[in-house]
Amino acid sequence: MENSILLQALNDKFGKSILSVDEAADIFTVMVDSETITTIVAFLKEKQNFIFLTDICGIHYPDQERELGVIYHLHNLTENKRIRLKTFVTKANPKIQSIVSLFSGANWMERETFDFYGVEFVGHPNLIRILNVEYMDYHPMRKEYPLEDATRLDKDDIFFGR
Amino acid sequence: MAEKDKYTVVEAPEGYSAPGFFATTLDKAVGLARKNSLWPLPFATSCCGIEFMATMGAHYDLGRFGAERLSFSPRQADLLMVMGTIAKKMAPVVQQVYEQMAEPRWVIAIGACASSGGVFDTYSVLQGIDKVVPVDVYVPGCPPRPEQIIDGFMKIQELVGNETLRRRYSTEYKEMLESYGIKIDR
């Protein structure tokens, strides 16, 4: 399957939701509007045979207007074709539709993205932390939080030039 | 070579002896018995646990110190040996294992991670098991060699041998446990 054919199909159906396209990288990458993500994933699954959800992950770019990203990797197994969908939401309103109804495997992936980046997946059946401790009160992969553990007592800033 | 030269026996504690009897304090007799038959519970999560496996093996042979019987149930263990990185999610498990051990009980933190979090100075890792359980001996190293683990174990033996029988009933001890949020059911 050629990138151009797939892009044509996406443009015909979702014209204004396709924000940009990147064919330079190893995987065909499409930047899409966060509002239409579920319909685009449903279209790719049902009409274009992308039946395998490889991964969902998050990213945080503090300098962008829409800071938080969610990235979907889909795989068409019969033609061995991959596609990467990128979508961004604001930190003030980090809401995006869940795709658990399309891919059951998205359940834990969305929980992980919520756990680390605080992206709220609307319609997720059980959106709670999956890897971090239950009482954690922040989303640790966001850039505004330090990597180092705040509970550590044996480090005096003087010895580390801070 | 005479039969008795083939093995060594621990020395008798201080006391009075004469033909037919030997007298010492109960503390010392019990301490001698305890320190030479410790049953360790290995709580191994990473590379320090591999070093401990070498320590238990024939070459280093922790059995020489009366500790060849590992206890994989906390209920029959005297010594909790925590070896490796403890994630914050694992912390309540370590504490629960400690609570399940019967008194008297000792804890040894082996390696940098168990002692202080080590290189894992990050949001997900417990910065030393002494945040959740009281620790008697810390062994440095990343990971420590078997010799260091044996050295730490001998330090524990020293503590066990010299502990008074009243210590575990003292109010100070109970307050210390309460400061870790550990239940006391006696």
- Task: Kindly indicate which of A:32, A:41 is over 13 Å from residue A:99 (Cα atoms) and either touching a residue at least 12 places away in the same chain (Cβ under 8 Å) or open to solvent by less than 70 Å² (accessible area, probe 1.4 Å) (or both).
- Result: A:32
- If we scan the stretch A:66-84, do we find a residue that is over 29 Å from residue A:125 (Cα atoms) and small (Gly, Ala, Ser)? no
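Table: residues versus (1) more than 23 Å from residue B:127 (Cβ to Cβ); (2) in a helix (DSSP H, G or I); (3) modelled with pLDDT of 95 or more; (4) basic (Lys, Arg).
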residue	(1), (2), (3), (4)
B:4	yes, yes, no, yes
B:11	yes, no, no, no
B:29	yes, yes, no, no
B:32	yes, yes, no, no
B:49	no, yes, no, no
B:70	yes, no, no, no
B:80	no, no, yes, no
- Task: Might you check whether a residue that is within 11 Å of the chain's Cα centre (by Cα), in a helix (DSSP H, G or I) and within 23 Å of residue A:142 (Cβ to Cβ) occurs anywhere in the stretch A:28-36?
- Result: yes
- Query: residue B:69 is checked against (1) within 11 Å of another protein chain (Cβ to nearest Cβ); (2) charged (D, E, K, R); (3) within 30 Å of residue B:10 (Cα to Cα) and fails just one. What number does that condition carry?
  - Reply: (1)
- Qualifying positions in the stretch B:138-151 - surrounded by fewer than 21 Cβ atoms within 10 Å (Cβ to Cβ) and in contact with a strand residue (DSSP E or B) (Cβ under 7 Å, 6 or more places away or on another chain): B:138, B:148
- Note on the structure: Subset of the stretch B:101-122, residues open to solvent by 30 Å² or more (accessible area, probe 1.4 Å), farther than 19 Å from residue B:78 by Cβ and part of a loop (DSSP other than H, G, I, E, B), comes to B:119, B:120
- Quick one: count up the residues across the stretch B:132-155 that are in a helix (DSSP H, G or I) and touching a Phe, Trp or Tyr at 6+ places or on another chain (Cβ under 8 Å). 7
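The values are calculated or read from the model by the stated rules, or taken from the named source; none is laboratory data. Owing to the predicted nature of the structure, the values given are computational and were not obtained by experimental measurement. Ideal geometry is used to build each Cβ from the backbone, glycine not excepted, and the neighbour counts take in all protein chains shown. With ligands, DNA and RNA removed, areas are computed over all heavy atoms of the protein, side chains included. Shrake-Rupley method; radii C 1.70, N 1.55, O 1.52, S 1.80 Å.
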